[in-house]
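Below is one structure, written out as structure tokens; the observations come after it.
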Amino acid sequence: MAEFLINSGWNPNLAQIVASTLGAVVLASFGLVWVIFSIWLERKFAGRVQDRIGPNRTGPYGLFQTFADIGKLLTKEDITPKGADKHVYNFAPILAVAGIIAIFAVIPFNHAWVGADLNVGVLYFVAVGSLATLAILLAGWSSNNKYALLGAFRAIAALISYEVPMILSLAVPVLLAGSMSMQDIVKGQSIAYVFVVPVSALIFFVSQLAEVGRSPFDLIEAESEIIAGFNIEYSGMKFAMFYAGEFIHAFVICILTAVLFLGGWRGLGAGEPGYELFGFLMLMAKSVAVYAFVMLLRNTLPRIRIDHMMAFNWKFLVPLALVNLLVVTFLARPFVPDYAAAEALVAEGGLAGLVGTIFGAGFIAELPRAVVLLVANVILFIVATQLLHRYGEAQRSKLGVQAVPPMRATAMASD
Amino acid sequence: MQPEFGQWFIFGLFTVFIIGGGIGTVTSSNLFHAALWLIISLFGVAGFFVLLAAPFLAAIQVLVYIGAIVVLIIFAIMLTRRLMGLREAPNSQWAYGLVGAIVTFAVLALGLVLASTGESPLLVSQPISEITGESIRDLGIALVDVNQYVLPFIVASLLLEAAMVGAIVIAREDE
Amino acid sequence: MQPNEWLFIGIFFVVALVIPTVPIVLAQLLNPKRPSKMKQEAYECGVETVGDAWVQFKVQYYLYALIFLIFDIEMLFLFPWAVAYNQLGLFALVAMAGFVGILGVALIYAWRKGALEWL
């Protein structure tokens, strides 16, 4: 693109800027287009889970429902509460969306399609995500409303707490790939990291879920306790921006999980030169699969109480992430993948050659490390869940509550 | 590499962020607004790090300063009722502040001038294009190398622990 | 590092800020504006607002923010180390384990002192 403009006689700097701007607009609009679709998808999905049909009047299968909603929001009166801090109040919804959209800049869609492959890509998305956190604080404070302020502070306390296990679990893929660039992390995953360090993947996913404020961690908008939290005073399009921000964020965490732990655009030969579009579709397929899981969680789990949510973070996720980091630290070092040796092994033929031709040489290089870490992670997972189980039992017996056996529970539900 | 107009423009933009944010911070009578101005100023500093080819420090700047320290400051503001209610900040100590600021500035400026003119100047001018992503790796190796920074590194962790213990002790004093 | 990538990031930031601004401005142009005194009152489930929006916050929030800050700074050391991981020797691993361990002790201290309780 930039080359084309330079060739047609443009100033190189100007051409660079124009090309970057166009790229940025396309990439950022992708997020917005997705929101329009995903709102419909999510309502349809929720409908099915709750034994309803969901939107079905506007357009085929209710596909145009979101457009009708946009029309309604555009013509809705926008009320600014008395005593609000106007500039901050108006800026907060913009920042909430911008902070999330900005994450798209570092996501690798295939080996060539990436906005900017920064060598600090991983830190970039954490840092930019913290801007969205800031938006909640701005919204809550500027609304001049007790509930908004309370909601915002609760939300911030929860969000920053869940950033800790996220960062600790994020260090593991960085350590395995030896790079903070998102593209390098994808390239390092001949074996997807979810099969290497499932505990890290799980911690990352759970803490990201909490960052979005989705059920079961939707305390940010606990309508039964603080009516709606930080965005209570917002109406019309400004409220819609917070809403859109949440939807984009929900999908962004799915993409991030897919990129960091599910092998990104790799798999079945996808994303190799010549198969760019296939790579993009592969990443989208993985992300949508994670998204389906997120929707299922949202529609089936009850909300967790805030004190439980904080305790779960600080007393379970953070220690687990620390222990996991230490385990990986000491076990992974002797098995650093030697890609050159693996290539040579494959070239020799035999069993290694056969495996190598099916899965690629990178698979053989990473196999020993993957096996060792997987075993360690499974043991860690069993120990951790056993501890959690014991704790639950102890708490129940303290309260004198009998744990309901699964058989009994189904019988009660069918009554 | 000769700085081009574009680089000067971006440099100027970040300078405006930093100085404007700084002035906003010290002149705003509302403490919450002061914290917000501080964010703009810190953001400008992050921009400077990018211009200096130190993207790692830029990311850390946003993450630690904007994401954590400003939040900490705002939480601290919210804990103090007296300060929140104020619309006019009665500042009786601005003279001391001014003296402190001038002295700090003078020391920094003097240090920079001395460092850049001596026998072995500390300021090494290196073209940005020669600095690569490897610098983060070098930093990581240097941090835990016996001959380099491993002792300060461990001391830093003890310092962090001391900070946390101190905060908990102070916060729990009244119970 | 390529300055062009950061140029892209900068432009992307501007675009990301413009995109949500457009619908908000558009809505401002289209929507009806009939402000009234009642409408602009702070919403508290219909009950009239008493006092300022300011409420006393617990010191707990501050403690969480502080512990978060400490782990954030830990990350500052952790990530360069993780990038260099494949080239490090055993001593470097032990040094980092010591670093993480000391923070783990700090976490246990906070836990035992009840600083992690949400009261």
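Figures for the structure shown
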| read-out | value |
| --- | --- |
| Among the residues listed as B:L42, B:L13, B:L38, the single one being in the same structural domain as B:I73 (by TED's automatic domain parsing) and in contact with a Phe, Trp or Tyr (Cβ under 7 Å, 6 or more places away or on another chain) | B:L42 |
| Checklist (1) open to solvent by less than 10 Å² (accessible area, probe 1.4 Å); (2) not in a helix (DSSP H, G or I) applied to C:L78, failing item | (2) |
| Boolean, B:F32 is within 14 Å of chain A (Cβ to nearest Cβ), closer than 25 Å to B:S135 by Cβ and either without any contact (Cβ under 8 Å) to a residue 60 or more places away in the chain or under 14 Å from the mean Cα position of the chain (by Cα) (or both) | no |
| Every pair of residues 6+ apart whose Cβ atoms lie under 6 Å, when the first sits in the range A:15-32 and is closer than 15 Å to C:V18 by Cα while the second is surrounded by 19 or more Cβ atoms within 10 Å (Cβ to Cβ) and not hydrophobic (A, V, I, L, M, F, W, C) | A:L27/A:G115 |
| Test: residue in the range A:95-115 that is of a type outside the set (V, I, T), over 30 Å from C:E5 (Cβ atoms) and either in contact with a Lys or Arg (Cβ under 9 Å, 6 or more places away or on another chain) or at pLDDT 85 or above (or both) | no |
| A:K76 of a type in the set (D, E, K, R), within 13 Å of chain C (Cβ to nearest Cβ), in a loop (DSSP other than H, G, I, E, B) and open to solvent by 70 Å² or more (accessible area, probe 1.4 Å) | yes |
| When residues of the range C:105-117 are limited to those that are open to solvent by 40 Å² or more (accessible area, probe 1.4 Å) and outside any helix (DSSP H, G or I), the one farthest from the other protein chains (Cβ to nearest Cβ) | C:E117 |
| Condition check for A:F204: assigned to a helix (DSSP H, G or I) and either surrounded by fewer than 24 Cβ atoms within 10 Å (Cβ to Cβ) or at pLDDT below 80 (or both) | no |
| Pairs, first basic (K, R) in the range C:102-118, second crowded, with 18+ Cβ neighbours inside 10 Å, C-beta under 8 Å, six or more apart | C:K113/B:I168 |
| In the range A:163-201, residue surrounded by the fewest Cβ atoms within 10 Å (Cβ to Cβ) [restricted to those that are more than 9 Å from chain C (Cβ to nearest Cβ) and of a type in the set (S, T, N, Q)] | A:S190 |
| Whichever residue in the range A:105-121 is under 19 Å from the mean Cα position of the chain (by Cα) and either over 25 Å from B:S135 (Cα atoms) or open to solvent by 20 Å² or more (accessible area, probe 1.4 Å) (or both) and, among such residues, is farthest from the other protein chains (Cβ to nearest Cβ) | A:N110 |
| Test: residue in the range A:23-34 that is part of a helix (DSSP H, G or I), within 26 Å of the chain's Cα centre (by Cα), in the same structural domain as A:S207 (by TED's automatic domain parsing) and at pLDDT below 85 | no |
| Residues that are within 14 Å of chain C (Cβ to nearest Cβ) and either farther than 23 Å from A:P93 by Cα or crowded, with 18+ Cβ neighbours inside 10 Å (or both), drawn from the range A:40-68 | A:T66 |
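Conditions tested, residue by residue: (1) within 30 Å of A:L123 (Cβ to Cβ); (2) open to solvent by less than 60 Å² (accessible area, probe 1.4 Å); (3) at pLDDT 85 or above.
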| residue | (1), (2), (3) |
| --- | --- |
| B:I23 | yes, no, yes |
| B:N30 | no, yes, no |
| B:L38 | yes, yes, yes |
| B:V50 | yes, yes, no |
| B:A54 | yes, yes, no |
| B:V62 | yes, yes, yes |
| B:I66 | yes, yes, yes |
| B:R81 | no, no, no |
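The values are calculated or read from the model by the stated rules, or taken from the named source; none is laboratory data. Note that this is a predicted model, so its numbers are computed, not measured. Virtual Cβ from ideal backbone geometry, glycine too; neighbours counted across all protein chains shown. Accessible surface is based on the protein model in full, side chains and every heavy atom, while ligands, DNA and RNA are left aside. Shrake-Rupley method; radii C 1.70, N 1.55, O 1.52, S 1.80 Å.
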